[in-house]
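Reviewing the structure listed below.
The values are calculated or read from the model by the stated rules, or taken from the named source; none is laboratory data. Quantities reported herein were computed from a predicted structural model and do not represent experimental measurements. Glycine also receives a Cβ, built like all others from the backbone with ideal geometry; neighbour counts cover every protein chain displayed.
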Amino acid sequence: MRTSLFVLSALIVLGLAAPTVTVSIASEEIDPAVVKALYNKKCSLCHGKDGIPKKRGGDSASFQDSAWQAETSIEDIVAAINQGRGEGKYKMKPLKGKLTEAEIRAIAEFVKGLEKK
Ligand code: HEC
């Protein structure tokens, strides 16, 4: 009896918790048009709207390049945005705290989508 009560209350807890989790993920989803606009505003000056670096992109890889994409994870891109990259004449400033974590992740996913296969 005790065990079945425990199972029952565990099910109730799970049942209540599950929708909450879904909602919090959904609320972090950002409209793709907004993500693209963010990339264009914060990144394209140096990395190009299409991911091909401009002069200020320095030695950055082209985001269209399949080999670069294959060796670069979303986490790598998130880290680059958070911490910045490079030194000297052409460098990228850290954006940690200037964008939300959800925005940074969404931009990283957008960069992943720039690959030309
Ligand atoms: C002011 C110019 C500038 C801006 C703005 C900028 N970057 Fe960069 N980024 C660079 C430079 C320069 C490098 C290469 C640094 C190095 O390694 O020498 C770089 C490197 C990177 C890399 C690593 C590329 C590689 O070759 O592995 C990623 C990923 C990246 N940037 C993403 C972004 C994203 C996403 C944004 C927008 C949120 C952004 N950058 C904004 C200049 C910029």
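Summed over segment 36-46, the residues that are of a type outside the set (A, V, I, L, M), touching a residue at least 24 places away in the same chain (Cβ under 8 Å) and in a helix (DSSP H, G or I) give a count of 4.
Return the residues of segment 83-117 that are aromatic (F, W, Y) and not in a loop (DSSP other than H, G, I, E, B); say none if nothing qualifies. The one that is aromatic (F, W, Y) and not in a loop (DSSP other than H, G, I, E, B): F110. Residue check: is R85 at pLDDT 95 or above, touching a strand residue (DSSP E or B) at 6+ places or on another chain (Cβ under 8 Å) and surrounded by 14 or more Cβ atoms within 10 Å (Cβ to Cβ)? So R85 fits the description; yes. Taking segment 53-75 as the range and being surrounded by fewer than 16 Cβ atoms within 10 Å (Cβ to Cβ) and more than 7 Å from the ligand (Cβ to nearest atom) as the test, the residues that pass are K54, K55, Q64, S66, A67, A70, E71, S73, I74, E75.
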